[in-house]
Amino acid sequence: MAKRTAKRKSIRFYLIIAVCMIGVLLSAAAIQIYEDVFSANVNVPDGETAILYVHTGSDFETMAKDIDGKKVLRNVEGLRRLVKLLKYENKLKPGRYKLTSDMGNMQIIRMIVAGKQEPFDVVFRYAERKEDLASFWGNQLEADSNAILKMLNDSSFASKFDLTTDNVITIFIPNKYNFYWNTTAFKLVDRMLDEYDKFWDSTRLKKADDLGLTKPEVSTMASIVQKETVKADEMQVVAGVYYNRYKKDMLFQADPTVIYAMNDRTIKRVTGKMLEVESPYNTYKYRGLPPGPICVPSVQAIDAVLNLKKHKYIYFCAKDDFSGYHNFAETFEQHQVNAQKFQRELNRRGVH
């Protein structure tokens, strides 16, 4: 009898141990499930956000490696377990997702599977060449910079809009734009064409027509004005100078066009043989406007051309006080006096 009682006590003991162990395991599992599903998992301080990118065509493992490398989440394995459990590995939608500090894995997964990305603002201010333009947008959006450049270099594409590969960049108007990150190269250019049409409203078109200039010609002249002066209150006067030369069929003789032709941004002073560089952009050799803009002009520069100052100035030269402003002249003799002052100051300062 005593042996049976002892045996029962032993069994009871082991049952209790087993139950306790199962309880511990269930508790651990419950904690793990809570951690994997509900616990805040974004690796940023409270109240802050992180950005998660899901590239087009990528699967979960590709995304997970990116997350792990950038330390966006505290617990990548928890996210991996939940994705596999729900069989969502190949259901992720590409995009740019904003994660808040209180988000758990389930919220993150649901957001990505539903494709609930947020558009964001891209501030486009300036680009010089098509390569610069493509690089800028390729760094802002998922759109491939090579695909953007290929479109801009496609003459058949440009001709659809009465443009050429030399002036097609005029469709990019500097401004703040709202985009979804996974915008393609085609959709980017299509959007820019829409914005271009909106920009060139009836008022601007009428002003261009009154000047006898096309939209690309206005932008090309504006790009030269942009490069010639950084002073907003002087742009309309400079625009008036180039318009006077244009109407007289004179050489523009704009130094920035020579620098563009040479594709050397380190040049500080255009002299000597530089003026002989063979290029349709060299306005010391070829009359009128170059084939296209030498940069993407600002809205301010475009409007300066459309609202140019009417005067009799034909020449202008930077002031020798290096203020950024210019001296303007109606005659070559007046211009020579101004130019000599500036050249002497350049020499004194050792600018070559």
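Scan region 300-349 for residues that are on the phi > 0 side of the Ramachandran plot and open to solvent by less than 40 Å² (accessible area, probe 1.4 Å) and jot them down. It would help to see each step written out before you state the result.
Step one: list which residues in region 300-349 are on the phi > 0 side of the Ramachandran plot, which gives 322, 324.
Passing the criteria: only Gly324.
Using the structure shown, decide if Lys207 is part of a helix (DSSP H, G or I), more than 23 Å from Gly288 (Cβ to Cβ), modelled with pLDDT of 95 or more and of a type outside the set (Gly, Ala, Ser). Steps first, answer last, please.
On the way: part of a helix (DSSP H, G or I): yes; more than 23 Å from Gly288 (Cβ to Cβ): no; modelled with pLDDT of 95 or more: yes; of a type outside the set (Gly, Ala, Ser): yes.
So Lys207 fails the test.
Residue-wise test of (1) touching a residue at least 60 places away in the same chain (Cβ under 8 Å); (2) open to solvent by 50 Å² or more (accessible area, probe 1.4 Å); (3) more than 28 Å from Trp137 (Cα to Cα).
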position: Thr220; (1), (2), (3): yes, no, no
position: Gln236; (1), (2), (3): yes, yes, yes
position: Arg245; (1), (2), (3): yes, no, yes
position: Glu276; (1), (2), (3): no, yes, yes
position: Tyr284; (1), (2), (3): no, yes, yes
position: Gly288; (1), (2), (3): no, no, yes
position: Ser298; (1), (2), (3): yes, no, no
>> Checking the conditions here, which among Lys207, Lys215, Lys231, Lys227 is over 16 Å from Lys312 (Cα atoms), in contact with a His (Cβ under 9 Å, 6 or more places away or on another chain), among the charged types (D, E, K, R) and in contact (Cβ under 8 Å) with a residue 24 or more places away in the chain?
In response: Lys231
> Looking at region 247-262, which of its residues are under 32 Å from the mean Cα position of the chain (by Cα) and free of Cβ contacts under 8 Å to residues at least 60 places away in the same chain?
Replying inline: Phe252, Gln253, Ala254, Asp255, Pro256, Thr257, Val258, Ile259, Ala261, Met262
> Taking Gln226 and the conditions (1) touching a helix residue (DSSP H, G or I) at 6+ places or on another chain (Cβ under 6 Å); (2) open to solvent by less than 60 Å² (accessible area, probe 1.4 Å); (3) of a type in the set (S, T, N, Q); (4) farther than 21 Å from Lys130 by Cα, which numbered condition does it fall short on, given that it satisfies the others?
Replying inline: (4)
> In region 175-192, how many are in a loop (DSSP other than H, G, I, E, B) and either at pLDDT below 95 or surrounded by fewer than 18 Cβ atoms within 10 Å (Cβ to Cβ) (or both)?
Replying inline: 2
>> I need the helices (runs of 4 or more DSSP H) fully contained in region 54-141, keeping only those with at least 1 residues that are touching a Lys or Arg at 6+ places or on another chain (Cβ under 7 Å) and not hydroxyl-bearing (Ser, Thr, Tyr).
In response: 60-70, 105-114
> Which residues, taken from region 146-171, are within 25 Å of Ile302 (Cβ to Cβ), open to solvent by less than 70 Å² (accessible area, probe 1.4 Å) and part of a helix (DSSP H, G or I)?
Replying inline: Ile148, Leu149, Met151, Leu152, Phe157, Ala158, Ser159, Val168, Ile169, Thr170, Ile171
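Does Ala254 fit the bill of being modelled with pLDDT of 95 or more and buried (at least 18 other Cβ atoms within 10 Å of the Cβ)?
Values: modelled with pLDDT of 95 or more: yes; buried (at least 18 other Cβ atoms within 10 Å of the Cβ): yes.
So Ala254 passes the test.
Taking Gly288 as the residue in question, decide whether it is within 18 Å of Pro216 (Cα to Cα) and at pLDDT below 95.
On the way: within 18 Å of Pro216 (Cα to Cα): yes; at pLDDT below 95: yes.
Yes, satisfied.
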>> Checking the conditions here, which among Lys248, Lys227, Lys231, Lys198 is at negative phi and in contact with an Asp or Glu (Cβ under 9 Å, 6 or more places away or on another chain)?
In response: Lys227
> Residues of region 112-141 being open to solvent by 40 Å² or more (accessible area, probe 1.4 Å), touching a strand residue (DSSP E or B) at 6+ places or on another chain (Cβ under 8 Å) and farther than 22 Å from Ser298 by Cα, which ones?
Replying inline: Lys116, Glu118, Pro119
>> Condition first: touching a strand residue (DSSP E or B) at 6+ places or on another chain (Cβ under 8 Å), at pLDDT 90 or above and open to solvent by 40 Å² or more (accessible area, probe 1.4 Å). Now tell me which residues in region 54-93 satisfy that.
In response: Lys93
> Which pairs do you get when a residue that is within 20 Å of Met250 (Cβ to Cβ), found in region 304-325, comes within reach of a residue that is open to solvent by 70 Å² or more (accessible area, probe 1.4 Å) and among the charged types (D, E, K, R), reach meaning Cβ atoms under 6 angstrom, with the pair 6+ apart or on two chains?
Replying inline: Lys312/Glu330; Tyr313/Glu330
>> Every residue in region 187-223 that is under 20 Å from the mean Cα position of the chain (by Cα) and aromatic (Phe, Trp, Tyr), please.
In response: Tyr196, Phe199
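The values are calculated or read from the model by the stated rules, or taken from the named source; none is laboratory data. Because the structure is predicted, anything quoted here is derived from the model rather than measured. Don't worry about glycine lacking a Cβ; one is built from the backbone with ideal geometry, like all the others, and counts go over all protein chains shown. Surface areas here come from the heavy atoms of the whole protein model, side chains and all, with no ligands, DNA or RNA. Shrake-Rupley method; radii C 1.70, N 1.55, O 1.52, S 1.80 Å.
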